[in-house]
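Reviewing the structure listed below.
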Amino acid sequence: MNFDLTEDQLMIQESARDFAQNEIAPSSIERDKKGEFPAEIVKKMGELGFMGMMVSPNYDGAGLDTISYVLAMIEISKVDASVGVIMSVNNSLVTFGLEKWGSEYIKETFLKPLARGEKLGAFALSEPEAGSDATKQKTYAEKDGSHWVLNGIKNWITNGQSADYYIVIAQTDKDQGHKGITAFVVEKGTPGFEHGVKEDKLGIRSSDTCSLTFTNCRVPEENVIWEVGKGFNFAMNTLNGGRYGIAAQAVGLAEASFEAAIKYSKERKTFGTEIANHQAIQFKLADMATNLDAAKLLTLRAAALKDAGKPYIKEASMAKLYASEVAVKNALEAIQIHGGYGYVREYLVERFLRDSKITEIYEGTSEIQRIIIARQLLKEY
Ligand code: CAA
């Protein structure tokens, strides 16, 4: 087993780190306060190839491996988890699925501008009554000539206001359950398609999460992804890919909390010495670093398996489950080490906690990850 990164992977990691520190970090506090979408940053990330990292150059992507993507996600999420999720959705939930299951028409028309970062994507599966229980889709699409007519509501959609192209999952045959679900690409501006107001969230405040409403929205039949009836399968397989992206986001957050805690513990003095010299603090730092390493290794393992063309469903869920829980734990410990200073906005650690919590919820809650892991284990043993 080799834990060394290749020269190319190290180069991507360094360029993501430079971009994160120089271009994202300086304005992240302000954006969190105002809940402002980082439009300029996302545009620059597109120009640098961060929005279509794993898409083949044939479709205008950067053609990089999953490990490079995970490394870049960690660096970017470490300074701003809102930017991290915007990037993760475009890479994992949108471009990945379109390249793998989209028709040539879909790839030429939608994937290419998404991979170049000229257009932004969103993934619309969740509904008011279909979150964890994702097969219970109420959004309905009915065939009418050469179009499908969509009616329904989607909830909690990341990039919901800013996206240009939306992957929308809808029931097309009510009698067929999850085998009667289909995935579509819907363009912003299509008549009958509207987005709601931006949710006022606890964390990742500068990403724009909102609902989507479809009222007799006519979508051309060539916008069907894969084929009619394959939409649930498509969504599940796409989410497997999304989960190591969110795991990487959580690793970035856990690392940010750890680094803030270690820095502060070397500066702050109590009882005549830096608090880093107290065993109570050392034990916390040791646990934070150990958990962080374990989360990072699980995430890189899931990415390495995908790069090797091996099964990675269970491993992606394990990485997402563990890393998201470590992100929350490390943020709580970082606040504890900072004492009262950790509880105020002036220090970043309170934001790390707010931003971390969502990683245990979106792209499948921790409870759903445990279900997926257990079902895979029961198949294997
Ligand atoms: N990978 C591939 N296929 C999968 C799968 C996986 N991880 N999980 C289930 N499937 C397949 C099954 O094999 C089955 O297919 P067949 O009928 O062809 O055999 C089909 O899906 C149905 O599976 P189940 O019978 O297991 O269905 P279920 O209803 O018991 O459970 C579930 C399914 C795993 C709980 C699923 O509903 C699920 O993953 N729920 C969570 C949904 C989720 O993650 N939502 C996140 C929203 S997106 C988001 O957050 C994006 C954002 O903006 C940040």
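Rule-based calculations on the coordinates, nothing more; no lab input. This one's a predicted model, so the numbers in the text were calculated from it and none came from an experiment. Glycine also receives a Cβ, built like all others from the backbone with ideal geometry; neighbour counts cover every protein chain displayed.
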* **Helix-only [θ]222 nm of the chain, DSSP H runs n ≥ 4, -39500 (n - 2.57) each, per residue, nearest 500** => -15500 deg cm²/dmol
* Structure fact -> the chain: spread of alpha-carbon positions along the three principal axes, whole Å, largest first, is 79, 48, 38
* With the chain treated as a Gaussian network of Cα nodes joined by springs under 10 Å, which of THR158, THR109, THR95 yields the largest mean-square fluctuation? -> THR109
* Karplus 3J(HN,Hα) series, Hz, for segment 238-247 with 6.51 cos²θ - 1.76 cosθ + 1.60 (x for Gly, Pro) -> 5, 5, 4, x, x, 5, 6, x, 5, 4
* **For LYS269, LYS357, order by how many other beta-carbon atoms lie within 10 Å, fewest first** => LYS269, LYS357
* **Cβ-placed point charges (K, R +1; D, E -1), dipole of segment 122-229 about Cα centre in debye, nearest 20** => 240 debye
* On a 0 to 90° scale, report how tilted helix 366-380 is relative to the longest principal axis of the chain, with both axes built from alpha carbons and the result rounded to the nearest 10. => 70 degrees
* To do: About the Cα centre of the chain, how large is the charge dipole given +1 on each Lys and Arg Cβ and -1 on each Asp and Glu Cβ? Please answer in debye to the nearest 20.
  => 760 debye
* To do: Kindly express, to the nearest 10 degrees and within the range 0 to 90, the angle between helix 7-19's C-alpha long axis and the longest C-alpha principal axis of the chain.
  => 80 degrees
* Pick out which of ALA39, ALA256, ALA62 has the largest mean-square fluctuation in a Gaussian network model of the chain, springs linking Cα atoms closer than 10 Å. => ALA39
* Debye, to nearest 20: dipole size of segment 277-381, +1 on Lys, Arg Cβ, -1 on Asp, Glu Cβ -> 280 debye
* Size descriptor, Kirkwood hydrodynamic radius, that averages inverse alpha-carbon separations across segment 233-380, Å -> 16.0 Å
* Structure fact -> Charge dipole of the chain built from unit charges on the beta carbon (Lys, Arg +1; Asp, Glu -1), centred at mean Cα; most positive-end Cα among ALA235, ALA286, GLY63 is ALA286
* Please determine, in degrees from 0 to 90 and to the nearest 10, the orientation of helix 25-34 with respect to the longest principal axis defined by the Cα atoms of the chain, where the helix direction is its Cα long axis. => 70 degrees
* To do: Step through the residues of segment 204-214 one at a time and calculate ³J(HN,Hα) from phi using the Karplus curve (6.51 cos²θ - 1.76 cosθ + 1.60, θ = phi - 60°), rounding each to whole Hz and writing x for Gly and Pro.
  => 5, 6, 8, 7, 9, 9, 7, 8, 10, 10, 10
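At a 10 Å Cβ-Cβ cut-off, how would you order MET318, MET236, MET73, fewest neighbours first?
MET236, MET318, MET73
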* segment 122-229 - Rg over Rh from alpha carbon coordinates, Kirkwood radius -> 0.96
* Asked: So for ASP175, ASP355, ASP208, ASP32, fewest C-beta neighbours within 10 Å to most, what's the order?
  -> ASP175, ASP32, ASP208, ASP355
* Charge-dipole axis of the chain as Lys and Arg at +1 and Asp and Glu at -1 on Cβ define it, positive-most pick from LEU332, GLN13, SER206 -> LEU332
* Asked: Among ILE371, ILE67, ILE337, whose mean-square fluctuation peaks in a Gaussian network model of the chain (Cα, cutoff 10 Å)?
  -> ILE371
